[in-house]
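Report on one structure; see the data block that follows.
The values are calculated or read from the model by the stated rules, or taken from the named source; none is laboratory data. For clarity, every value in this text was computed on a predicted model and none was experimentally measured. All Cβ positions, even for glycine, are placed from backbone atoms using ideal geometry, and neighbour counts span all protein chains on display. Ligands, DNA and RNA are stripped out before the accessible areas are found, and what is left, the full protein with its side chains, is counted by its heavy atoms. Shrake-Rupley method; radii C 1.70, N 1.55, O 1.52, S 1.80 Å.
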Amino acid sequence: MLQNTGKLAGQTLFITGASRGIGKAIALKAAKDGANVVIAAKTAQVHPKLPGTIYTAAEEIEALGGKALPCIVDVRDEKQIGEAVERAVQKFGGIDILVNNASAINLTGTLETSMKKVDLMLGVNLRGTYLTSKLCIPHLLKSKNPHILNLSPPLNLNPIWFKNHTAYTMAKYGMSMCVLGMAEEFRGSIAVNALWPKTAIHTAAMDMIGGAEVGKQCRNVDIMSDAAYAIFGKPPSYTGNFVIDEEILKTEGIKDFDIYAVAPGNALLPDFFLDEAEALVQNMGDQVVIPVVKGSAATGGPIAETFNIIKGVLNPDVVKSTGGVYRFDLSGEHAGVWFIDMKNGGGSAGSGEPPVKADVIMTMDSADFTKMFAGKLKPTMAFMTGKLMIKGDMSLAIKMEKMMSMMKSKL
């Protein structure tokens, strides 16, 4: 872990979305130095599914030696942002660091993404980042070492990062384009950088998207707060960088990254938008091994043999733990439509349309399907690298990995 040095003592950080997750972790790291933190977030009352409010975050900040100013803010609302900025300046005398952390996510394709969701993602991610930066910059220009840090990815134009969730990618890349433009516009005056994790980070939002099991393949929020802390120690000349958490921490002397793992020793999910994801998929290939009997054309081929194995291990326990109906639209050498019903009775599987409406439709090449059920390719990895298209409930798609693990124990 990166040790605190006290360098942020007395400095004021304005952090959007700081009531929980990565935003709060950055706030708590700064609080240990005795920093002032403006918690600009929407959650003023306890959320039924997500932990924390702006007020509980403020209590934690002050318990660590920092000063807190909780502000109810929707980053899409110019008036609310403006009032929060003015309150911060009045209370703390200025703003030294802006962290644009607030973000909205919806991992669906063009036809499945409502315009309400598109507007939300563009409004929070792109407009919110631009607006908050615009209103904070006049005050940042008065700071001795001003920083803007956007929690956004490198601008990777590989189509695989667009094909399954174009709207989300556009919105998230909007934050990154703010870095690209503002870093040049304010070069020499304000350090403007982006920070992105190499692996998935375990947050409450991640639990909602992928279920609690996915947490075992994540790192915790501390790696992001340590990386942000390292960036804040850089001079204004350090600008226009798209920083990856692990890479900057290596330059700070961190060698043991297991300390950041939720479950040390487990394979880690690579995050979106990084080309390294493809290589990481290959490295993870032997983490789950499901034997697949090689079949001939006469016996139905490898897909039919895979489904014969699936039928043999389906039972009420597997069905209860999964709760979804899957349809597989396969292309390539063994093209066809197949299904697995892990929602009704003792479960069923076979060729053709499922007996009831599918909760999840997975479209992929038959060769990749075989790899997936042989443990050579995880569903989440296939999706993130563009080998799998998913329509429907993303959390059920991720539960497929848990089902595969349960299958292994039955074979």
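Diffusion coefficient (Stokes-Einstein, Kirkwood radius over C-alpha pairs, 20 °C, 1.002 mPa s) for region 108-164: 153 µm²/s, rounded to a whole number.
Averaging the sequence gap over all C-alpha pairs within less than 8 Å and six or more residues apart, then dividing by the number of residues, gives the chain a relative contact order of 13 percent. Expressed to the nearest 5 percent, the antiparallel share of DSSP beta bridges inside the chain is 35 percent. Scalar couplings 3J(HN,Hα) for region 23-29, obtained by applying the Karplus form with A = 6.51, B = -1.76, C = 1.60 to θ = phi - 60°, are x, 5, 4, 5, 4, 5, 4 Hz; x denotes Gly and Pro.
In region 86-225, the alpha-carbon atoms span a convex hull of 135 Å³ per residue. The largest accessible area among MET1, MET175 belongs to the first residue in MET1, MET175, and the rest follow in falling order (1.4 Å probe, all chains). Quick one: Debye curve from the C-alpha atoms of region 1-68, no solvent, what's log10 I(q)/I(0) at q = 0.21, 0.23, 0.28, 0.29 Å⁻¹? Debye curve over Cα of region 1-68, log10 I(q)/I(0) at q = 0.21, 0.23, 0.28, 0.29 Å⁻¹: -0.75, -0.87, -1.19, -1.25. How high is the relative contact order of region 86-134, in percent, with contacts defined as C-alpha pairs under 8 Å that are six or more residues apart? Normalised by residue count, the contact order of region 86-134 is 39 percent.
Take each peptide in 133-145, 216-228, 42-54, count the other Cβ atoms within 10 Å of every residue, and average; sorted highest first, the result is 216-228, 133-145, 42-54. Projecting the Cα atoms of THR43, ILE22, SER348 onto the charge dipole of the chain (Cβ charges, centred on the Cα centre) puts THR43 farthest toward the positive pole. Rolling a 1.4 Å probe over the heavy atoms of the protein chains gives the chain an accessible area of 42 Å² per residue.
With helices as the sole contributors, the chain gives -11500 deg cm²/dmol at 222 nm; each DSSP H run of n ≥ 4 counts as -39500 (n - 2.57), and the sum is divided by every residue. Computed from the alpha carbon positions, the gyration tensor of region 302-408 leads to an equivalent ellipsoid with semi-axes of 19, 15, 14 Å, biggest first. Residue farthest toward the positive end of the dipole of the chain, with Cβ of Lys/Arg at +1 and Asp/Glu at -1: which of LEU269, CYS71, ILE231? The Cα lying farthest towards the positive end belongs to CYS71.
Using a simple spin-label model with pseudo-atoms 7 Å out from Cα toward Cβ, GLN90 and ASN158 lie 4.9 nm apart.
What a 1.4 Å probe finds exposed on the chain is 54% carbon and sulfur by accessible area, rounded to a whole percent. Averaged over residues, the count of other Cβ atoms within 10 Å places the peptides 325-334, 191-200 in the sequence 191-200, 325-334, highest first. Kirkwood hydrodynamic radius computed over region 149-266 comes to 15.5 Å, based on all pairs of distinct alpha carbons. In a simple Cβ point-charge model (Lys, Arg +1; Asp, Glu -1; nothing else charged), the chain has a dipole of about 420 debye relative to its Cα centre.
Structure note, pairs LYS117/LYS376; LYS172/LYS357; LYS311/LYS376; LYS116/LYS144: Cα-Cα distances above 29 angstrom occur for LYS117/LYS376; LYS172/LYS357; LYS116/LYS144. As a rough guide to protection, the peptides 120-127, 351-358, 103-110, 232-239 ranked by mean Cβ packing within 10 Å, highest first, stand as 120-127, 103-110, 232-239, 351-358. Other residues with beta-carbon under 15 Å from the beta-carbon of PHE232 carry, at +1 per Lys or Arg and -1 per Asp or Glu, a net charge of 0. Mind pulling up the Rg/Rh value for the chain? Radius of gyration and Kirkwood radius, both on Cα. Ratio value, two decimals: 1.02. Label sites at ASP275 and GLU252, each approximated as a point 7 angstrom past Cα along Cα to Cβ, lie 2.7 nm apart. Partner aspartates and glutamates whose Cα lies under 16 Å from the Cα of LYS49, excluding those fewer than 8 positions away in the same chain, are identified as ASP207. FRET efficiency for the LYS311 to LYS216 pair, using the beta carbon distance and R₀ = 22 Å, is estimated at 0.20.
Each label was represented as a point 7 Å from its Cα along the Cα-to-Cβ direction; for GLU185 and VAL46 these points are 4.2 nm apart.
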